[in-house]
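Have a look at the structure below, then the notes.
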Amino acid sequence: MYKLYPKIFVQRPSCINKLLLIMKLTTLFLIMAIMQVNAIALAQKVTLSEKNTPIKKVLDKIRAQTNYDFVFSDDVLKDINTVTVNVKNADLSTALNVIFYDKPLEYSIEDNAVVISKKTVFFPSNRVAQLQSVVNGKVVDEQGRPLPGASVKVIELNRSLTTNPEGQFSVNVESGTYTFEVNFIGYVKQSRQVKVTGSQRLDLTFSMIEAKDALNEVLVVGYGKSTKRSLTNSVSRLDAANVAQRNVSSANQLMQGQIAGVNLTVSNGTPGGASRVSIRGISSINGDNEPLYVIDGIPLSKDLANYNFSGEYRQDPLSLINPSDIETIDVLKDAAAAAIYGSRATNGVILITTKQGKSGKSRIAVSQLSGIQTMPKKLNLLNPQEYIALQTEATNTFNNDMNYRPGQTGFVDIKTVLGAVPADPYDVNWQKLIINTPATSNQTDFSFSGGNEATSHFTSAGYQYQEGLIQKSSLKRYSLRSNIDFKPNSTFNFGLRVAGNFTKSTSIPNGDQGTALFQRNLEQRPYDRPYLADGSFAVGGKDILRHNGVLILAKDHTFDDNYQGLANLYANIKFLKYFTYHSAYNAEIRQGRGFRHQNINHPYNVRGYINDVRNSRYSATIDNTLNFKKTWSNGLDIDLLAGHSFFNNRYDFTQATGTEFPSDDFKSISSATIRTSTGDELEYAIESYFSRMTLSYKDRYFLYGSARRDGSSKFRKDNRYATFPSISGAWAFTNESFFEKPNWLEFGKVRVSWGKNGNQDGIGEYAYLPLASGGHNYNLQTGLSVTALGNTDLKWETATQTDFGLDLTFFKGRLTFMYDYFVKKTEDLLYAVPVYQTSGFTTRIANIGSMENRGHEFTFSSVNIDKKLKWSTNFNISFIRNKVVSLVGNSPITVGGWNAIVPGQPLGTFYGYKQLGIYQNLSEIPTQLQAAGVRPGDIKFEDLDNNNIINSGDLQVIGSSQADFSGGLTNTFKYGGFDLSILNTFSVGNEIAAGWRTGLDHMGASNYGMLKDNYEKRWTGPGTSNTVPRATKGGNNIRNSTYYLEDGSFFRIKNITLGYTLPSNLMKQLGVSQARIFTSVNNLLTITKYSGYDPEASMGLDARSFGIDNLVTPQPRSFMLGLNVNF
């Protein structure tokens, strides 16, 4: 029991004094001089929602929450009947300020009691009864939401006020100049001078800016949270509100250029197209090397969201999520941070938290973003006259070199090369025929949120439509989300997060498919025309040189539909003061359909073709954890967690194909002459047990440890389970008593961590088993056939990572610096290795080798100017080196025509011939090469084995798609209502294999179109060029070599956004709390030496062959106009 003690004659009885003395001594003993009693009082948290409630009852509830007594005399509260208060997790003083707003009361906190008395206001004697003017004010946050309990001080009157629940205050003053000083915990103090003349009424609004205490920022980590101050691991956060609003089609693109060690490459510009995200390098040969994405506790499937292979287009699973719903993105980079996720965390973990409701008035937000997109660049090709001149020169040179005469075998006839040259050979401009300019983009978002201390809610709806740069390519997305949290009491809370998303994408073949539009169209003769004289389509290989892109656009129709549902249901129960039990059900459901229809007379299916794929995916995780958390009086904090998790993934698909249709009007496979179908159902599961320990002592020493044991059904029982431990520690040396901290240094901490992660990506659900399938019939009898070799020795890939870090904060938080050095080693790499052909198979999955990544990461954040003009900078840069340490046999494994896996080299290194220069005269050329047609003006390749011929024995490592360093730079400016954000991204040292140039930079070796720039730089005689070869029909110069390998380094102005927040006074008259208009430009300028469309281009995402460009769709240059309105 406790009592509210009335104050008798403003004197406390002796029993109260004794009681307070005992309480004081007890408190001092418990906190052991860590902080003063008054600081503890300010730290007490109060949550109240009362309307017209008796004041004594309200004080009674505060006493129950804080253990603070209230002392007052009988007459102090006699005129105070009821109060209204609504605060959540407020400190004691803030709660009291709200309660006593415009009440004739004041209070003081003495020892462990709150003493309440009547307020006495003193004015200079010459101002008594002379107050004539009224100053009304309102204190709000950056979003225009009221801040109740803010402290307002009128300096000249020595008078203090507090704002009411609506954030308002009022004061009477006489003529003069007054300084109003406004304070609110967690916000930057504001001061403003106001001149008052005569009898008038003034209305002031103070828009408070949140104080960014980076050290106390709370980050989401595996199954918990941590502050930056106490963090022992390498974890980075991206606040979505700090990323300039732009029309990204996939949520992961928000991270580009924002976080050190996270390399996001937008490999093509198709709407919703997949990007490659790598955290601290490449860790697997066979796996996708993508991080694990966890959205509100829901592990997201990494499988692509398109089902009909259409060249470069691979729909990113993150394109199903509305980026506008995201609140924060936390990236777990080192093994110690990610080890709690065990076997799924080798490539790092990205934790996405969506927006939640907040206590207070309900809020409505509406945003609209619209604009156009254009090609950032076009290639300069030969016109018809230049093309004819090139082919004539190349044909004559070749026939003369080989002494060929008309009628002889090998003679090249110029008429055959040029084809049917029109009487008026104008330049058709094949690029323009397929480009969609301008492509439009629209995005609309709506949200409704609010809550009180018991319930909070956030509901959103979104729509996005984005057209691609190639005609008939687009992405349309509808999204709905509802996040609801309930807290009926202090011991129990539960919540639900559900989202439904639908996307419809249309695509057209480009990149690495035979009908690739950009490459095939540009390879046409410049005078070849898409239509014949009768208006019908010209046919590639017959009427014109290459596949007709205009015909493909008319006769190739592909779409992919995706329905995605996400659900997170959780509950927390607190008991025995220090324990919390957490249970959660997390699920993702996908239903997809991919449909491709090629009309009759399509070049690949002359009689028509339909492919229809239907699939469904269900993945669910059930998590149960028990947490113990306690703070001891000696400064020791301990946080222990133990848990169990079960993950199950089921996937099934049905595919039906039909060919030979009676007409294009028939779009059902049942109308096809030839019909085939297939299907399958796949399932795997992971069971996990995990634990975590976090210790901190006196905010100086921090220790973290975790262990997770995973069992996967993808491996046989003997190898099914593996344990993934981690340990890390940190020392905040600036908190030591012996450390004499200079004025310019605020905080310093060193970190070290070690941990293991696992990986099972890149292998099938039943890879350890030999597999058989039906349909292999013989002699009219049904039968089975073995379709895959099993490997019972398969085991987990394991990655061990060590990290050393340093965190520094200077000049009262205006400059922060973070550095990390890491070494990451992956053992037992999984790969499909070749086997003897006598087995009936070509490959078999096995553990074959090891890989290593080493790197340095630097992050700088600064507040350069913090006055009326505000300017802040964020810069990050990463230096990462990857290499394959060992392979079975340690011999290079070639991958396609451009790459190889080579021990001692980065994964996916380029493997080809090295150009040494250009032969200038015949005496330089070995006799054997002369016999093969090599002449002066041809490329001189390095002859590694010195046998005077150029063959496979001369293949060597010639480059890598992995950058030497990469990063991003963001500058943000604010002045008055204006804001400006500039994001730059850069990458240095990576090469690109310009595969498209073998068809467009052949110097007459083929009949295709030709780049103009290199044509004008070609070798025409001794000394004219030592880089670009001559014109000839010989094939020596079009090998995969360094001639076609280009520097892919770039510096890009990724985004510029300029906004203006309309005056709040004007908006209030319209019933709007805040309105902002803005304009945004994406990919404004790219500085690069690369001759293709885009230096980030890659026809695929596979790390073994990344960086090959077959003229994939570039990232568009977009111009957007937007509006944000809050009510």
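Only the coordinates and a few stated rules stand behind these numbers; no lab work does. The structure presented is a predicted model; accordingly, all values stated were derived computationally and were not measured. Positions of Cβ are backbone-derived with ideal geometry, glycine not excepted, and every protein chain shown enters the neighbour counts.
Observations, loosely collected:
- DSSP beta bridges confined to region 125-207 are antiparallel in about 75 percent of cases.
- Treating r as the C-beta distance of Phe973 and Ile414 and R0 as 60 Å, the FRET efficiency rounds to 0.45.
- Sparsely packed trypsin sites (Lys or Arg not before Pro) within region 974-1029, loop by DSSP, other Cβ within 10 Å at most 15: Lys1017
- Amide H contacts under 5 Å for Thr227, placed H, 5+ residues apart: Leu219
- Partner aspartates and glutamates whose Cα lies under 13 Å from the Cα of Lys487, excluding those fewer than 8 positions away in the same chain, are identified as Glu453.
- Note on Ile600 and Leu532: the extension gain reaches 22.7 nm, defined as 0.36 nm multiplied by sequence separation minus the Cα-Cα distance.
- Tail beyond 18 Å, pair distance distribution of region 922-1059 (Cα, percent): 67 percent
- Estimated vicinal HN-Hα couplings, Hz - region 1041-1053 in sequence order (Karplus 6.51, -1.76, 1.60; Gly, Pro = x): 9, 5, 4, 9, 9, 10, 6, x, 4, 7, 10, 10, 7
- Integer Hz, Karplus 6.51/-1.76/1.60 couplings in order for region 197-208, x for Gly and Pro: 10, x, 9, 9, 10, 10, 10, 10, 10, 10, 9, 7
- Around the amide H of Ile544, modelled in the peptide plane, lie the amide H atoms of Val539, all under 5 Å away and 5 or more residues distant in sequence or on another chain.
- Working from the Cα coordinates of region 640-729, the gyration tensor eigenvalues give, after taking √(5λ), semi-axes of 54, 17, 9 Å in decreasing order.
- Its DSSP H runs of at least 4 residues, each contributing -39,500 (n - 2.57), put the calculated 222 nm mean residue ellipticity of the chain at -2500 deg cm²/dmol, to the nearest 500.
- Calculated FRET efficiency for the pair Glu142/Asp203, C-beta based, R₀ 22 Å, to 0.05: 0.65
- Binned Cα-Cα distance frequencies in region 569-653 - 5 Å width, integer %: 3, 11, 13, 10, 10, 8, 8, 7, 6, 5, 5, 4, 4, 3, 2, 1, 0
- Computed over the alpha carbons of region 983-1127, Rg followed by Dmax gives 23.3, 79 Å.
- Reciprocal mean inverse distance between Cα atoms of the chain - Kirkwood radius, Å: 33.9 Å
- Local electrostatic count at Gln956 - Lys and Arg +1, Asp and Glu -1, tallied over other residues with Cβ under 9 Å: -1
- Gained length - Ile372 relative to Val188, 0.36 nm times residue gap less alpha-carbon distance: 62.3 nm
- Hypothetical label at Val988: residues of region 278-312 whose amide nitrogen lies under 16 Å (7 Å Cα-Cβ projection): none
- Modelled spin-label separation between Asn624 and Phe494, with each label point placed 7 Å from Cα along the Cα-to-Cβ direction: 1.5 nm.
- If the segment from Glu327 to Ile1087 were pulled out straight at 0.36 nm per residue, it would be longer than the present Cα-Cα gap by 270.4 nm.
- Expressed as a fraction of 2.2 N^0.38 Å, the value expected for a compact globular protein of N residues, the C-alpha radius of gyration of region 297-349 is 1.41.
- Förster radius 41 Å - calculated FRET efficiency between Tyr821 and Leu1121, Cβ distance, rounded to 0.05: 0.40
- Amide H within-cut-off set for Arg314, under 5 Å, with H built and near neighbours excluded: Ala274
- Placing +1 on the Cβ of every Lys and Arg and -1 on the Cβ of every Asp and Glu, with nothing else charged, gives the chain a dipole about its Cα centre of roughly 3200 debye.
- Compared with the rule-of-thumb size 2.2 N^0.38 Å for a compact globular protein, region 741-868 has a Cα radius of gyration ratio of 1.90.
- The ellipsoid that matches the Cα gyration tensor of region 125-207 has semi-axes, each √(5λ) in whole angstrom, of 23, 12, 11, with the longest given first.
- Where labels lie 7 Å past Cα in the beta-carbon direction, separation of Asn396 and Asp427 in nm: 2.4 nm
- DSSP H segments from the chain that extend 20 Å or more along their own axis, Cα-based, with Kyte-Doolittle mean of 1.6 or above: 14-31
- Whole-Hz ³J(HN,Hα) from phi, Karplus 6.51 cos²θ - 1.76 cosθ + 1.60, for region 492-498, glycine and proline x: 9, 8, 8, x, 9, 10, 10
- Here the spin labels are modelled as points 7 Å beyond Cα on the Cα-Cβ line, and at Tyr697 and Ser737 they lie 1.5 nm apart.
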